[in-house]
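Below is one structure, written out as structure tokens; the observations come after it.
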């Protein structure tokens, strides 16, 4: 068997791009909620159904 060594994921790797997209699923939702302008975090929690405080905080970072 010819096994190749594992390579690090480069920035243009399709697998890495897909993983980043899945990992940040709330980012587009949060950006959409912010399109009207600056909004308080508590107001975002009310606007975005189903997002937890922890996930919202991570998306805002």
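The values are calculated or read from the model by the stated rules, or taken from the named source; none is laboratory data. Just so you know, these numbers come straight off a predicted model, no measurement behind them. Virtual Cβ from ideal backbone geometry, glycine too; neighbours counted across all protein chains shown.
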What pairs can you find where one residue is in region 21-43 and more than 13 Å from residue 59 (Cα to Cα), the other is at pLDDT below 90 and surrounded by 12 or more Cβ atoms within 10 Å (Cβ to Cβ), and their Cβ atoms are less than 6 Å apart, with a gap of 6+ or different chains? none
Looking for whichever is surrounded by 10 or more Cβ atoms within 10 Å (Cβ to Cβ), in a loop (DSSP other than H, G, I, E, B) and either at pLDDT 85 or above or touching a strand residue (DSSP E or B) at 6+ places or on another chain (Cβ under 9 Å) (or both) here; the options are 29, 51, 55. Which one fits? 51
A careful count of residues in region 32-48 that are assigned to a loop (DSSP other than H, G, I, E, B) and surrounded by 10 or more Cβ atoms within 10 Å (Cβ to Cβ) gives 3
